[in-house]
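The values are calculated or read from the model by the stated rules, or taken from the named source; none is laboratory data. Keep in mind it's a predicted model, so treat the numbers as computed, not measured. Quick reminder, even Gly has a Cβ in these numbers, built from the backbone with ideal geometry, and neighbours come from all protein chains shown. Side chains are part of the model used for accessible areas, which takes the heavy atoms of the whole protein and leaves out ligands, DNA and RNA. Shrake-Rupley method; radii C 1.70, N 1.55, O 1.52, S 1.80 Å.
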Amino acid sequence: MTRMINKQKDIVSQVLNGVTYIYKDRLTRIPKTGIVLKKKLVKNKVALISGGGSGHEPAHFGYIGNGMLDGTISGPVFTPPSAKEILEAIQLADQGCGTLLIIKNFEADRTNFLEAQKQAKLLGYKVDHVIVDDDCSVVSDRGEYSPRRRGVAGSVFVHKILGQAAKEGRNLEELVKLGKEVVSSLNTLGVAFSSGTDMETNEPLFNMNQHVVSFGIGIHGEQGYREEVFYSSEHLANELINKLLNQYQDDDRFAVLVNGTGSSTLMEQYIFANDVDRLLKLQQKESAFQLCGEFMTSTDMKGVSLSLLSLKEEYWLDYLQADTDAFAWR
């Protein structure tokens, strides 16, 4: 596959330069780091920071804006940023009311972000965190299945709700409590039709047969737990919806995120969204808020994920609908 890049070693730096050039009215990059900040930080508000490995564009810098994140840190492709850079982002973003770290549930991400939190506290900063674990797929081990609970595309709902809550003046403790409530109401499942490719070797991250779908893939190119013949978008939507609804009790009002993983066309995403809409209605579930597009990709993986957030509180919907200038949100 031909890629429109220059040198492999410059990919992340040039991506950050490019996005801060296009959105220079609202974003600024800290030179020689993976840190991108809101150009005009708001005083006397809890700062929200997230991040992770590159390869998920427009995540994570696409969610910096009024009513969303204040800063992000990008590491190498599929590799989280160092604790040193995360600490620097905390120091730069803090505006006097503390900092909240929104961390996706991967071991390396947790390790580096929590180490940065520890170091920041030793320096006198007020810092806390929320861990997002919306992936409700399973991992197969010798015929047994156990939950994965990775942090995946549903993270963007957490960014939006907590970002608006911070904008409205909630303190750090209140944001942590709210974040845990939102995460516990959020579930995501992802599938792939073809693997993403390794950015250095140009080889597939895992092998797939043609005309099949892999269930339970991850945003770092992780293989799913099962493959089966692909029949139709409707058949796929029906399975994902049923599996997601099994995570809830009598919940009947949801925010819905249809997320392309990198190489699925918008035509395909909208067809899938149409199927999701019809099937939720058949199950008498209300879709009170919905998004479709590429929100958290896995380089060039061809696939889709579906996230459902049960709207436990009416104001969660208000927060999702609130205006933001984060360029990747709508």
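Quick one: of Lys285/Lys312; Lys43/Lys167; Lys243/Lys302; Lys39/Lys180; Lys45/Lys104; Lys84/Lys118, which pairs are farther than 18 Å apart, Cα to Cα? Display every interim value, and only then the final one.
Numbers: Lys285/Lys312 14 Å; Lys43/Lys167 10 Å; Lys243/Lys302 21 Å; Lys39/Lys180 28 Å; Lys45/Lys104 23 Å; Lys84/Lys118 11 Å.
In this structure, Lys243/Lys302; Lys39/Lys180; Lys45/Lys104 lie more than 18 Å apart at Cα.
Report the one residue of Phe78, Ala255, Ala273 whose Cα lies farthest in the direction of the positive end of the charge dipole of the chain (charges on C-beta: Lys and Arg +1, Asp and Glu -1; origin at the Cα centre).
Phe78
To the nearest 20 debye, what charge dipole does segment 67-199 have about its Cα centre, counting +1 at the Cβ of each Lys and Arg and -1 at the Cβ of each Asp and Glu?
With Lys and Arg at +1 and Asp and Glu at -1, about 160 debye.
Using each residue's phi in segment 243-258, evaluate 6.51 cos²θ - 1.76 cosθ + 1.60 at θ = phi - 60° and report the 3J(HN,Hα) Karplus result to the nearest Hz, with x for Gly and Pro.
5, 5, 5, 5, 7, 10, 8, 10, 4, 9, 9, 9, 9, 10, 10, 9
Rank Trp329, Gly169, Tyr319 by how far each Cα sits towards the positive end of the charge dipole of the chain (+1 on Lys, Arg Cβ; -1 on Asp, Glu Cβ) and give me just the farthest.
Gly169
Relative contact order for the chain: what is it in percent, counting Cα pairs under 8 Å that are at least 6 residues apart?
For the chain, the relative contact order is 17 percent.
Tell me, what is the 1.4 Å probe accessible area of Phe193, in Å² to the nearest 10?
Around 60 Å² of this residue is reachable by solvent.
Return the Rg/Rh value of segment 116-168, two decimal places, where both radii are evaluated on C-alpha atoms and Rh is the Kirkwood radius.
With Rh from the inverse mean 1/r over Cα pairs, Rg/Rh is 1.18.
Considering the values (1) 22.1, 86; (2) 19.0, 57; (3) 20.8, 68, which represents Rg and Dmax of the Cα atoms in Å as calculated for the structure under consideration?
Among (1) 22.1, 86; (2) 19.0, 57; (3) 20.8, 68, the one derived from this structure is (2).
Using modelled amide H (1.01 Å from N, peptide plane; none on Pro or chain starts), what sits under 5 Å from the amide H of Val132, excluding residues fewer than 5 places away?
The answer is Ile103, Lys104, Asn105.
If the only charges are +1 at each Lys and Arg Cβ and -1 at each Asp and Glu Cβ, what is the size of the charge dipole of the chain around the Cα centre, to the nearest 20 debye?
Charge dipole, the chain, about its Cα centre: 1120 debye, nearest 20.
Short version: ³J(HN,Hα) in whole Hz for each residue of segment 275-288, in order, from phi by Karplus 6.51 cos²θ - 1.76 cosθ + 1.60 (θ = phi - 60°), x for Gly and Pro, what are they?
My calculation for segment 275-288 gives 5, 4, 4, 5, 6, 5, 5, 4, 8, 6, 9, 8, 9, 7 Hz in order.
Along the charge dipole of segment 8-158, Cβ charges K/R +1 and D/E -1, which of Phe61, Gln91, Phe113 sits furthest on the positive end?
Towards the positive end, the residue furthest out is Gln91.
Taking segment 127-237 as the region of interest, what is the percent of Cα-Cα pairs per 5 angstrom bin, listed from the shortest bin to the one with the maximum distance?
With a bin width of 5 Å, the distribution comes to 2, 11, 18, 16, 16, 13, 10, 8, 5, 2, 0.
Under 5 Å between amide hydrogens, which residues at least 5 positions from Arg226 or on another chain qualify, with H placed 1.01 Å from N in the peptide plane?
Phe215
Under 1.5 on a/c is rounded, so check that first for segment 35-90, then, if it is not, pick prolate when a/b is larger than b/c and oblate when it is not; a ≥ b ≥ c are the square roots of the alpha carbon gyration tensor eigenvalues. Working shown, then result.
Numbers: a/c = 2.85, a/b = 1.52, b/c = 1.88.
Here segment 35-90 falls in the oblate category.
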